[in-house]
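Chemist: Pasting a structure below so you can have a look.
Where a number appears in this text, it was derived from the coordinates with a stated rule and is not lab data. It should be emphasised that the depicted structure is a prediction, and the values quoted were computed from it without experimental measurement. When we count neighbours, we look across all protein chains shown, and the Cβ atoms used for this are built from the backbone with ideal geometry, even at glycine.
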Ligand SMILES: Nc1ncnc2c1ncn2[C@@H]1O[C@H](COP(=O)(O)OP(=O)(O)OP(=O)(O)O)[C@@H](O)[C@H]1O
Ligand SMILES: [Mg+2]
């Protein structure tokens, strides 16, 4: 047969080989660029952080309860900023987790093929809304409602930022969880139905636990998004580093603080300016840990079904 | 055929469609109480489709639709007033590929009991779990590791766990779709022995590709074939006692199929 002879032509083979080498070299360069950029950022961050800790003790940084680098009497306790970040993130998760899970269960277990085709793109559009819009939504829409309900609410407060952020993260939580639920094999659902389980029992007691590690990965991804989110908190949560658990008060998150200093007129050589690198480094470390945890959870999930 | 009073399941002019495609056509046959009924036939002739219509599993396929009747103890299970969940509770199923829940061995069995309204004490539940595992000839192998994952068992053990899970809720009928096809010969024989024991208390319908298996375990055999225009829809072409089907089949196609496989 002539065709088999053709495909064995060494000329073809050489050409394919050359192509493969070029593609490999190109992709390698791109990979190098992205890894290099990340390394560069970490290097800069680390360098400035080290300089900062030559002037401020690391113990003070992690134990002092006041954060006033921009004032005359400077204190460098990062806890109020961490507190603000975690408070807002926790509130956001309170909104995003239940709603996101319900949406995911609905999409994967209840929605018809046609409904899914409409709803999934809507979720993706929701995920594409610029965060600055959510920020103004919090300040101009959610805060007035909160102030009607609880008159002691401050204009800038953690709660309204939390709620807006919850809605911002919801699509992420929903779509990653939905992927995990959909990946649960059909045979497991059939096993459940065959025992006389209802659709709801099957969804909540069989499919959800089977997808738990995927859902946990979605949760952690969402938390790291919440911790790193900047615009909403810069607009709506205030600029008052405070150790408080009251969400109706004005607070300041790590990200909002970095924005405040970057945009302000703090001299670049001052110790006040260097604080943003230390805070940035801490933020980076927190999200990195989250992402690593999520990586391992996702990996374990894959192993289970493949 | 005699013993009509002992009919558990009966199909009447059953047609099942996937969309516009008529998968099985005009099926009429019966399943007798405390007997093992085998459904045999070439691949794609609708054996699984027929089996899955008995516990209304087929309707989970969005495009599936049926005509005709399936009587369970004389009652039409496709009647609008019948809850499919109740049908599935009374007609259990074991699948081709073992599909234990990713829960502990104990929970695999206890869960079915709980969702079916078990409200007793922990020790009563323990007893029922043990009973089911003994019933599936698995107890001795797993009694020391009930809290391990059901997925940690071997394929044959997993399949017996699935049988235990099915009999725990005491259905009247157990449907089995090639339950041994994923197993080695020894595990297969174990499952066959088990079926003969289960026959005392349950009615079993089994789909199998293995002629010897059908001949070894079943009392009745339904032979399915593709028929009709362009031979696209399956139907039951012959139904009789297994020894009749295997020794003196009336239909030439049955004979060809069986001897083809044997020879
Ligand atoms: N979910 C489905 N959607 C559409 N068509 C289907 C579906 N399931 C089965 N069919 C079709 O119905 C026919 C019968 O399939 P069925 O699985 O019942 O055959 P079978 O006899 O069990 O085959 P096998 O021995 O290979 O398991 C086949 O033509 C198949 O393509
Ligand atoms: Mg089949």
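Chemist: Need the C-alpha centroid separation for the stretch A:80-153 versus the stretch A:274-300, integer Å.
Modeler: Answer, in whole Å: 23.
Chemist: While we're looking at this one, here's another question. Please rank A:64, B:147, fewest neighbouring Cβ atoms within 10 Å first, as an exposure proxy.
Modeler: In order of increasing Cβ crowding within 10 Å: B:147, A:64.
Chemist: Follow-up. Taking the beta-carbon count within 10 Å as an exposure proxy, list A:257, A:43, A:273, B:220 from fewest neighbours to most.
Modeler: The order, fewest Cβ neighbours first, is A:43, A:273, B:220, A:257.
Chemist: Right, here's the next one. Using Cα springs under 10 Å in a Gaussian network model of chain B, which residue among B:142, B:129, B:236 shows the largest mean-square fluctuation?
Modeler: Looking only at B:142, B:129, B:236, the largest GNM fluctuation is found for B:142.
Chemist: Further question on the same structure: Could you state the number of Å between the C-alpha centres of the stretch B:207-263 and the stretch B:46-100?
Modeler: So the two Cα centres are separated by 23 Å.
Chemist: Comparing B:233, B:181, B:123, which has the greatest mean-square fluctuation in the GNM of chain B with Cα pairs linked when under 10 Å apart?
Modeler: Largest GNM mean-square fluctuation: B:123.
Chemist: Same structure again: Suppose only helical runs count, i.e. DSSP H with n ≥ 4. What mean residue ellipticity at 222 nm does that imply for chain B under -39500 (n - 2.57) per run, divided by all residues and rounded to the nearest 500 deg cm²/dmol?
Modeler: Calculated at 222 nm, the ellipticity per residue is -10500 deg cm²/dmol.
Chemist: Going by a ≥ b ≥ c, the root eigenvalues of the Cα gyration tensor, does chain A fall in the rounded group (a/c under 1.5), the prolate group (a/b larger than b/c) or the oblate group?
Modeler: Oblate, because a/c is 1.5 or more while a/b does not exceed b/c.
Chemist: How would you rank B:156-166, A:200-210, highest first, on the average number of other Cβ atoms within 10 Å across their residues?
Modeler: Result, highest mean first: B:156-166, A:200-210.
Chemist: Using a/c under 1.5 as the rounded threshold, could you call the protein assembly as shown rounded, prolate or oblate? The axes a ≥ b ≥ c are square roots of the C-alpha gyration tensor eigenvalues, and prolate needs a/b larger than b/c, oblate otherwise.
Modeler: Judged from the Cα gyration tensor, the protein assembly as shown comes out prolate (a/c at least 1.5, a/b above b/c).
Chemist: The stretch A:204-236 to the stretch B:136-170: how many Å between their Cα centroids?
Modeler: 35
Chemist: For chain A, what is the mean residue ellipticity at 222 nm derived from helices alone (per DSSP H run of n ≥ 4: -39500 (n - 2.57); sum divided by total residues; nearest 500 deg cm²/dmol)?
Modeler: For chain A, the value works out to -23500 deg cm²/dmol.
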